[in-house]
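Heads up: the structure comes next, in structure tokens.
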Amino acid sequence: IRSLKEEHVMMTSYYTKTFATLMLLPPVARASIRGSAEYPRLRGNLNIYQADEGLLVTTEVWGLPTKQGECENNIFGLHIHEQGRCTGSAGDPFADAGGHYNPGHCPHPAHAGDMPPLFAFNGYAWGAFYTRRFTVDEVEGLSVIVHSQRDDFTSQPAGDSGKRIACGIIRMLR
């Protein structure tokens, strides 16, 4: 009989190897992220990989605004939004993306489109997570938004993440 610690090590090793292998393959979908007119150098990609029973989502973004100082948080909200549009007005350049993708009508942060925040260093952020909140077919054609502030995971309806500073549309690659 295996101990709980041995079981944990085995499962961690299995998922680490599985996800590392997945990232060697082409993603099944991608959103090419572009900054607003205020952030023209902001660029990146959100990649979606099909895993056994869910999805591995990776995000790489560069050109993020950098706050200077030892205690600055440089954390940015990241969400899938309900519309596949990266348009809006001068004051809100990605307003047409709509609200968070939330087919289950759940409170924030349980929306299907709520994702972990981006932690940036010198304007660069990379992150990955595993999810079963949505399928790639469900989010194809929807928008991904990078927000100017961290998601507080509490405020309703959307986490008080600040302005929408970058956007991309999720497109199938195969």
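The values are calculated or read from the model by the stated rules, or taken from the named source; none is laboratory data. All figures in this text were calculated on a predicted structure; none of them were measured in a lab. Don't worry about glycine lacking a Cβ; one is built from the backbone with ideal geometry, like all the others, and counts go over all protein chains shown. The accessibility values were calculated without ligands, DNA or RNA, using every heavy atom of the protein model including side chains. Shrake-Rupley method; radii C 1.70, N 1.55, O 1.52, S 1.80 Å.
With the simple model of a label 7 Å out from the Cα in the direction of the Cβ, Thr131 to Met172 spans 1.9 nm.
Where Lys and Arg each count +1 and Asp and Glu each count -1, what net charge lies around Thr87 among other residues with Cβ under 13 Å from its Cβ? Walk me through the intermediate numbers first.
On the way: positive: Arg34, Arg85, Arg164; negative: Asp92, Asp96.
Spelling it out: positives minus negatives among the neighbours equals +1.
Sorting Trp62, Trp126 on solvent-accessible area from highest to lowest, probe radius 1.4 Å, gives Trp126, Trp62.
At a 1.4 Å probe radius, which order do Ile75, Ile170 fall into by accessible area, largest first? All intermediate terms of the calculation are to be shown ahead of the outcome.
Numbers: Ile75 25, Ile170 0 Å².
Sorted by accessible area, descending: Ile75, Ile170.
Count charges around His111 for me, please; just the other residues with Cβ under 12 Å from its Cβ, Lys/Arg as +1, Asp/Glu as -1. Net local charge, His111 excluded: -2.
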